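Have a look at the structure below before the remarks.
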Amino acid sequence: MQSIETYDFTGKRAIIRVDFNVPLNEKLEVTDDTRIRAAIPTIKKVLEKGGSVVLMSHLGRPKKGPEDKFSLKHIIPTIEKRLGVKVDFAGDCMGEEAAKKAAALKPGQVLLLENLRFYAEEEGKPRGLKDDATDEEKAAAKKAVKASQKEFTKKLASYADVYINDAFGTAHRAHASTALIAEYFPNDKMFGYVMEGELKAIDKVLESPSRPFTAILGGSKVSSKITIIEKLMDKVDNLILGGGMTYTFMAAQGGKVGSSICEPDQFETALSILKLAKEKNVKVFLAEDALCADDFKNDANTKVCPSNDIPDGWEGLDIGPKAMEAFKQVILTSKTILWNGPVGVFEMPNFAKGSMAVAEAIVEATKNGAYSLIGGGDSVAFINQYGMADKVSYVSTGGGALLEYMEGVELPGVAAIRK
Ligand code: AMP
């Protein structure tokens, strides 16, 4: 496997799969450029070493070909500002112009391709199927897009001499630009710095954690976190379970949860998690109390209740003060911390206090020498929103990819480079 540190880029064109899937406002301006900033070191490295760069990414979820609101042209000023280099643009990643511009690249130059997902071939999924399509029609459409995906991938590969994958956020997808393209560069493919950093951070936490190791898992549902909970059971000393999941655990044990989010079909699972934890000597911490609301609104009336005794008409939207204190104590005595998922409905400021207490404890533990990894879209959004990103050890850029990697799934984007 090649490395970006040692590879000789002199006179070479590198096609880099970046994750420029950034949020845009109604004026189509970038509102959070974290992902663009993350990609800069890799791009700069290639340019500094005498190479040129073709950037490719997706933006949003276009489902019917080109649409202005999903055009990557809107983010060019932000890339140029962060990179300090002019960025040329090819308005159709498969067009004649893209091929010509890529072929003419000189060392130090950068070309950005238009949104790859304007083509169904990027994801390899058929589009425009009628609702009443038969199974045969669906199969035929799938076969057709898979066949043209080969041409699509080959054409992208023809733009460059070397392939770099730096998009961790899409590494769990076997798309043209994230995995399939690697086959055209058997000896000239590598990870960028974002990918390298992500894999190193996760491996550090999972393979050689300093102890005690505490995982804090929040979010809304048990069902979406069950695989990761089971996987972590073999690794952690403490498991803090917060967020909407709390009430499924409480109800499964006979508690009253009012109108809190609750998944009765997960009761068995919740009970088996608690049993497994006992067997494996993992301490599980569930919130003892909850900040409850009489409506799913920021300005609803609130009161603190035991998490297993919530009156009808009330729902737990955040952890309560006792839980905050208990979680804080566990976090402060940990040497390795993994946080995925807010412990309350943090989008409403009145129910963000629990997640804030967790974040502050993680920051303090990190200051005292613990290694902290924050992963998953919502906890990362939280950490960024409150300007705490540089006060923890590592903030992952991947949500789904991070969870799947932690669950032990071989990510296609990672495998394609390592193979
Ligand atoms: P996830 O995508 O599974 O990590 O879930 C994140 C979402 O969980 C956020 O949008 C939170 O608002 C939501 N969440 C956290 N705590 C609760 C709760 N007590 N009730 C309902 N939703 C919650």
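The values are calculated or read from the model by the stated rules, or taken from the named source; none is laboratory data. Owing to the predicted nature of the structure, the values given are computational and were not obtained by experimental measurement. Virtual Cβ from ideal backbone geometry, glycine too; neighbours counted across all protein chains shown. For the accessible areas, the whole protein counts, side chains as well, though only heavy atoms, and no ligand, DNA or RNA atoms are used. Shrake-Rupley method; radii C 1.70, N 1.55, O 1.52, S 1.80 Å.
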- Message: At a 10 angstrom cut-off on C-beta neighbours, averaged per residue, how do the peptides 277-288, 332-343 rank from highest to lowest?
- Response: 332-343, 277-288
- For the charge dipole of segment 1-152, defined by +1 on Lys and Arg C-beta atoms and -1 on Asp and Glu C-beta atoms about the Cα centroid, which residue among GLY51, ALA38, LEU28 has the Cα displaced farthest towards the positive pole? GLY51
- Cα gyration tensor shape for segment 230-348, rounded if a/c is under 1.5, else prolate or oblate: oblate
- Message: Beyond 21 Å, how much of the Cα-Cα pair distribution for segment 290-419 remains, as a whole percent?
- Response: 49
- Query: To the nearest 20 debye, what is the magnitude of the charge dipole of the chain about its Cα centre, counting +1 on the Cβ of each Lys and Arg and -1 on the Cβ of each Asp and Glu?
  - Reply: 1240
- Helix 267-279 vs. the chain, principal-axis angle (Cα, 0 to 90°, nearest 10): 80
- Starting from the Cα of PHE296, move 7 Å in the Cα-to-Cβ direction to define the label point; list residues of segment 255-288 whose amide nitrogen is under 19 Å from there. 257-266
- Query: Where does the chain land at 222 nm, in deg cm²/dmol rounded to the nearest 500, when only DSSP H runs of n ≥ 4 count, each adding -39500 (n - 2.57), divided by all residues?
  - Reply: -11000 deg cm²/dmol
- Based on the alpha-carbon gyration tensor of the chain and its eigenvalue square roots a ≥ b ≥ c, which shape applies: rounded if a/c is under 1.5, prolate if not and a/b is larger than b/c, or oblate? prolate
- Item | Heavy-atom accessible surface of segment 140-244: percent carbon and sulfur, 1.4 Å | 49
- Message: Which log10 I(q)/I(0) values does segment 79-183 give at q = 0.23 Å⁻¹ under the Debye formula, counting every alpha carbon as one identical point scatterer?
- Response: -1.32
- Message: Using the Cα centre of segment 207-264 as origin and beta-carbon charges of +1 (Lys, Arg) and -1 (Asp, Glu), tell me which of THR227, ASN238, PRO264 is placed farthest towards the positive end of the dipole.
- Response: PRO264
- Message: Give me the one-decimal Kirkwood hydrodynamic radius in Å for segment 102-164, with the sum taken over alpha-carbon pairs.
- Response: 13.8
- What number of lysine-lysine pairs in segment 280-376 show an alpha-carbon separation below 26 angstrom, given a sequence spacing of 8 or more or placement on distinct chains? 20
- Query: Does a label point 7 Å from the Cα of GLN385, set along Cα-to-beta-carbon, have any residues of segment 229-271 with amide nitrogen under 19 Å, and which are they?
  - Reply: 242-246, 261
- Note on the structure: With 0.36 nm assigned to each residue of separation and the Cα-Cα distance removed, ASP161 to GLU67 gains 30.8 nm
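Could you look at segment 276-320 and say what percent of its accessible area is carbon and sulfur, using a 1.4 Å probe and all protein chains?
Its accessible area is 44 percent carbon and sulfur atoms.
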- Distance in nm between pseudo-label sites at ALA144 and GLU410 (7 Å out along the Cβ direction from Cα): 3.3
- In nm, the gap between the two label points placed 7 Å beyond Cα toward Cβ at ALA103 and PHE267 is 6.8
- Once the dipole of segment 130-186 is set up from charges on Cβ (+1 Lys and Arg, -1 Asp and Glu), the residue from the list ALA144, ALA160, HIS172 lying farthest towards its positive end is ALA160
- Would you mind pulling out the separation of the Cα centroids of segment 263-336 and segment 154-197, in Å? 41
- Please list, in chain and number order, the residues 5+ apart from PHE285 or on another chain whose amide H is under 5 Å from its amide H, with Hs placed from the backbone. LEU239, ILE240, LEU241
- Note on the structure: Everything considered on the Cα gyration tensor (a ≥ b ≥ c; rounded for a/c under 1.5, else prolate if a/b is larger than b/c, else oblate), segment 103-262 must be described as oblate
- Can you sort MET1, MET190 by 1.4 Å-probe accessible area, starting with the largest? MET1, MET190
- Between the helical axis of 34-48 and the dominant principal axis of the chain, each derived from Cα atoms, what acute angle in degrees is found, rounded to the nearest 10? 40
- Efficiency by 1/(1 + (r/R0)^6): what FRET value for LYS256 and ARG418, r their Cβ-Cβ distance, R0 = 56 Å, to the nearest 0.05? 0.65
- Please sort 400-412, 196-208 by packing, taking for each peptide the average over its residues of neighbouring beta carbons within 10 angstrom, highest first. 400-412, 196-208
- Note on the structure: Most packed first (mean Cβ within 10 Å per residue), the peptides 178-187, 92-101, 241-250, 316-325 order as 241-250, 316-325, 178-187, 92-101
- Query: SER208 versus ASP32, label points 7 Å from Cα toward the beta carbon: distance in nm?
  - Reply: 3.2
- Helix 135-157 vs. the chain, principal-axis angle (Cα, 0 to 90°, nearest 10): 60
